[in-house]
Amino acid sequence: MSKIVFFDIDGTLFYSGIGIPESAKEGLRRLFANGHKAVMCTGRSKGMMPEDYFHMGFHGMILGAGAYVEYEGEVIHQELMSPQEVRTVIDWGREQGIGVILEGNKSGYYDSANHDDYYVEMVRRTQRDCETELRPLEEAYDIEKWTYHHLDPKRKHEIEEILGGGYIGTYHEPANSVEFLPRGVHKAKGIERILQHTGIEQKDTYAFGDSANDIDMIRYVSYGTAMGNAVPELLEAAEYVTERADQDGILLGLERFGLI
């Protein structure tokens, strides 16, 4: 009986500075060879993914932390911000002196007028890790989510209230950034949509993650695993823990479950 495995990207399948470890690629190849299913389950939007990721053999994609769900080439769910919401996010960020990166279906977008050193470094790092060129905010199109960089998390409620409670922010350390998603959108909801679409039973579900936005996913599947480099709150929430992403964590985790 084939199983289905959901993989976070950053800090899990991908590790900053080294990319996707060869051991993780080997694990995926063996997983596919054994007839199991694999789905990318990431906070990144489609426009923030290197083209190579779409040719690795994944059966599905949960992107934008659940705002976009695709399985075997069929889009089964997508949520987009309205143009007015995008405008409000940009304007409020600029008024407060906070750097914003919008994430969309086609690309990521940055504020070319913001020359703050911290923000410029975050843009550079994002482009390096995502292997993509961000476009100016003025070109923003089909936006699913956004991140404010250098936003005091105690203030995130201000923009949440301005947008009528339709979006919820999650604070990420050590980047000192707040990622905003539509209310009710999270990785577990994306997984639920794929299970409903495929008929795969929850008892056959596995997941690997490392950050705060993986907690719902790790708790939802039957075999939720935190990477050794995961944030403390995920390590506490996960029933299983594997080695660090840069120390063969994916390969070893798949082996322990008998998936490869």
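Some points to look at:
- Unmet requirement for Leu234, which otherwise passes all of (1) at pLDDT below 95; (2) touching a Ser or Thr at 6+ places or on another chain (Cβ under 7 Å); (3) closer than 20 Å to Ile62 by Cβ: (1)
- Residues that are over 24 Å from Gly169 (Cα atoms) and under 17 Å from the mean Cα position of the chain (by Cα) are absent from the stretch 22-35 altogether.
- Close pairs from the stretch 158-172: first closer than 15 Å to Lys145 by Cα, partner of a type in the set (Asp, Glu) and outside any strand (DSSP E or B), Cβ under 7 Å, at least 6 apart: Leu163/Glu85; Tyr167/Glu160; Ile168/Glu160; Gly169/Glu160
- Strands (runs of 3 or more DSSP E) completely within the stretch 1-101 that count 1 or more residues being basic (Lys, Arg): 37-41
- Test for Asn213: is it under 12 Å from the mean Cα position of the chain (by Cα) and more than 24 Å from Gly258 (Cβ to Cβ): yes
- Test for Glu243: is it within 30 Å of Tyr119 (Cα to Cα), out of contact with any Lys or Arg (no Cβ under 9 Å at 6 or more places or on another chain), not hydrophobic (A, V, I, L, M, F, W, C) and not in a strand (DSSP E or B): no
- Pairs, first among the basic types (Lys, Arg) in the stretch 96-119, second outside any helix (DSSP H, G or I), C-beta under 8 Å, six or more apart: Lys106/Tyr141; Lys106/Asp142
- Put simply, of Ala230, Ala226 the only residue that is crowded, with 18+ Cβ neighbours inside 10 Å and in contact (Cβ under 8 Å) with a residue 24 or more places away in the chain is Ala230.
- Looking across the stretch 39-61, the residues that are more than 12 Å from Glu79 (Cα to Cα), under 13 Å from the mean Cα position of the chain (by Cα) and touching a residue at least 24 places away in the same chain (Cβ under 8 Å) come down to Val39, Met40, Cys41, Thr42, Gly43, Arg44, Lys46, Gly47, Met48, Met49.
- Listed by position, the strands (runs of 3 or more DSSP E) contained in the stretch 107-184 that have at least 2 residues being within 25 Å of Gly17 (Cα to Cα) and open to solvent by 40 Å² or more (accessible area, probe 1.4 Å) are 167-172.
- Complete set of residues in the stretch 185-212 that are assigned to a loop (DSSP other than H, G, I, E, B) and open to solvent by 50 Å² or more (accessible area, probe 1.4 Å): His186, Gly199, Glu201
- Among residues of the stretch 3-21 that are closer than 16 Å to Gly60 by Cβ, those with a beta-carbon under 6 Å from a residue that is modelled with pLDDT under 95 and surrounded by fewer than 23 Cβ atoms within 10 Å (Cβ to Cβ) at least six positions away or on a different chain give the pairs Leu13/Ile20.
The values are calculated or read from the model by the stated rules, or taken from the named source; none is laboratory data. Treat the numbers as computed from the prediction; the structure is a model and nothing was measured. Note that we place each Cβ from the backbone using ideal geometry, even for glycine, and neighbour counts take in every protein chain shown. These area figures cover heavy atoms from the full protein model, side chains too; ligands, DNA and RNA do not enter into them. Shrake-Rupley method; radii C 1.70, N 1.55, O 1.52, S 1.80 Å.
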